[in-house]
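Worksheet: one structure, shown below.
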Amino acid sequence: MELYDNERIDDLEFKGLKIIQNVNGFCFGIDSVLLSDFAKNIKDDSIVLDLGTGTGIIPILLCGKTNLKEIIGVEIQEDVANMANRSSKLNNLEDRFKVLNANILNLDKYYEKNTFDVIITNPPYKKKNSGVINDDERKVISRHEITASLEDFIKVTKDLLKDKGEFYMVHRPDRLVDILYLLRKYKIEPKEIRFVFSNKEKPPKLVLIKAVKNANEFLKVDNNLYIYDDEGNYTNEILKIYNKL
């Protein structure tokens with residue numbers, strides 16, 4: 001497998017899966033790993049769309065965790081999409097994981113409405129003009145709503161998701177009101193949320209959300225997920241997610 005400058009192959013330590021990453025770019029974090037686990041019960045033979053796939057970590061893990069039929073990873077940055085495509089080939093997943101180099105705002109040019117059984121996303125967390133701006137354009141696009149807003153991600157989901165299709169997202173708790181408002185606005189009903197904490201002494205750092213298009217109103221709040229125990233070690237649940245227990 002050909003690697004370019006500053007690229008490396010990381011072993012995901014799960015079913016022999018690997019991923020290509022650029023050490024100077026935006027590498028995946030625990031949020032993508034947790035989201036892939038949160039969505040692991042999607043139905044067999046599902047057609048899945050990953051909005052803002054980055055280097056393809058979520059599709060690669062979902063191919064290992066589920067019996068999905070096909071997952072399309074959409075990535076606007078050409079070099080990052082290229083890495084994801086090579087990672088698909090590296091894992092012999094070309095028949096299941098395909099990469100589309102495009103802006104999510106243009107997906108109506110590629111797919112008809114109501115096409116996908118499941119849509120999943122780990123979108124940029126920060127509003128366009130908020131937070132510290134990184135000098136690396138790849139990191140800015142990954143972290144800030146430069147090319148598409150939170151509402152754009154949810155509106156695209158509404159258009160492309162089948163009736164009663166499932167939507168999975170990981171985000172920051174401080175954006176939760178915006179997320180729930182927008183999901184209701186576009187008739188994607190929030191059905192399940194789970195807060196993720198670094199430990200029991202700190203406020204939640206992430207929130208995992210499942211919603212269903214045109215579903216009835218009922219929200220389940222799961223037990224909290226803690227990353228570290230009192231000794232600063234990974235909790236058993238995190239170890240299980242990382243396939244280390």
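Mind checking which pairs have a first residue in the stretch 146-158 that is farther than 12 Å from Lys113 by Cβ and a second that is part of a helix (DSSP H, G or I) and acidic (Asp, Glu), Cβ under 8 Å, 6 or more apart or different chains?
Leu150/Asp178
Would the stretch 28-51 turn up any residue that is surrounded by fewer than 21 Cβ atoms within 10 Å (Cβ to Cβ), farther than 28 Å from Thr235 by Cβ and at pLDDT below 95?
Taking every residue of the stretch 28-51 in turn, none turns out to be surrounded by fewer than 21 Cβ atoms within 10 Å (Cβ to Cβ), farther than 28 Å from Thr235 by Cβ and at pLDDT below 95.
Within the stretch 65-98, how many residues turn out to be within 26 Å of Leu183 (Cα to Cα) and either touching a Cys at 6+ places or on another chain (Cβ under 8 Å) or of a type in the set (A, V, I, L, M) (or both)?
Counting residues in the stretch 65-98 that are within 26 Å of Leu183 (Cα to Cα) and either touching a Cys at 6+ places or on another chain (Cβ under 8 Å) or of a type in the set (A, V, I, L, M) (or both) gives 5.
Restricting the stretch 103-124 to residues that are among the hydroxyl-bearing types (Ser, Thr, Tyr) and in contact (Cβ under 8 Å) with a residue 12 or more places away in the chain, which is surrounded by the most Cβ atoms within 10 Å (Cβ to Cβ)?
If we filter the stretch 103-124 for residues that are among the hydroxyl-bearing types (Ser, Thr, Tyr), which is where we start, we get 110-111, 115, 121.
Cutting the leftovers down to in contact (Cβ under 8 Å) with a residue 12 or more places away in the chain gives us 111, 115, 121.
Values: Tyr111: 16, Thr115: 17, Thr121: 24.
Applying the filter and picking the extreme gives Thr121.
Taking Val80, is it among the aliphatic types (A, V, I, L, M) and without any contact (Cβ under 8 Å) to a residue 60 or more places away in the chain?
Details: among the aliphatic types (A, V, I, L, M): yes; without any contact (Cβ under 8 Å) to a residue 60 or more places away in the chain: yes.
So Val80 passes the test.
For Val23, which of the numbered conditions (1) among the β-branched types (Val, Ile, Thr); (2) closer than 22 Å to Ser149 by Cβ; (3) surrounded by fewer than 19 Cβ atoms within 10 Å (Cβ to Cβ) fails to hold?
Failing condition for Val23: (2).
Quick check, is Ile58 closer than 25 Å to Arg172 by Cβ and not hydroxyl-bearing (Ser, Thr, Tyr)? If you could, list the steps in order and put the result at the bottom.
Working: closer than 25 Å to Arg172 by Cβ: yes; not hydroxyl-bearing (Ser, Thr, Tyr): yes.
When the stated conditions are applied, Ile58 passes them.
Is there a residue in the stretch 200-212 that is under 29 Å from Leu107 (Cβ atoms), out of contact with any helix residue (DSSP H, G or I) (no Cβ under 9 Å at 6 or more places or on another chain) and modelled with pLDDT of 95 or more? Before you say what the answer is, go through the steps one by one.
So in the stretch 200-212, the residues under 29 Å from Leu107 (Cβ atoms) come out as 206-212.
The next check asks that each one be out of contact with any helix residue (DSSP H, G or I) (no Cβ under 9 Å at 6 or more places or on another chain); those that pass are 212.
Right, trim to modelled with pLDDT of 95 or more and you get 212.
Yes, there is a match, as at least one residue in the stretch 200-212 is under 29 Å from Leu107 (Cβ atoms), out of contact with any helix residue (DSSP H, G or I) (no Cβ under 9 Å at 6 or more places or on another chain) and modelled with pLDDT of 95 or more.
Only one of these conditions is not met by Lys113: (1) among the basic types (Lys, Arg); (2) at pLDDT below 95; (3) touching an Asp or Glu at 6+ places or on another chain (Cβ under 6 Å). Which number is it?
(2)
Looking at Tyr168, Tyr234, which one is buried (at least 20 other Cβ atoms within 10 Å of the Cβ), hydroxyl-bearing (Ser, Thr, Tyr) and either within 26 Å of Thr66 (Cβ to Cβ) or over 21 Å from the mean Cα position of the chain (by Cα) (or both)?
Working: Tyr234 fails: buried (at least 20 other Cβ atoms within 10 Å of the Cβ).
Result of the check over Tyr168, Tyr234: Tyr168.
Only residues in the stretch 225-239 that are within 19 Å of Phe195 (Cβ to Cβ) count as the first member; pair them with residues that are surrounded by 13 or more Cβ atoms within 10 Å (Cβ to Cβ) and among the acidic types (Asp, Glu), Cβ under 6 angstrom, at least 6 apart or cross-chain, and list the lot.
Sorted first by the residue in the stretch 225-239, then by its partner, the pairs are Thr235/Asp229.
Return the total of residues in the stretch 87-102 being part of a helix (DSSP H, G or I) and either without any contact (Cβ under 8 Å) to a residue 40 or more places away in the chain or under 20 Å from Asp31 (Cα atoms) (or both). Can you show your working first?
Just the residues of the stretch 87-102 that are part of a helix (DSSP H, G or I), to begin with: 87-90.
Now restrict to residues that are either without any contact (Cβ under 8 Å) to a residue 40 or more places away in the chain or under 20 Å from Asp31 (Cα atoms) (or both): 87-88.
Matching residues across the stretch 87-102 total 2.
The values are calculated or read from the model by the stated rules, or taken from the named source; none is laboratory data. From a predicted model like this one, the values you see are computed outputs, not experimental measurements. Every residue, glycine among them, receives a Cβ derived from its backbone with ideal geometry; neighbour counts consider all protein chains shown.
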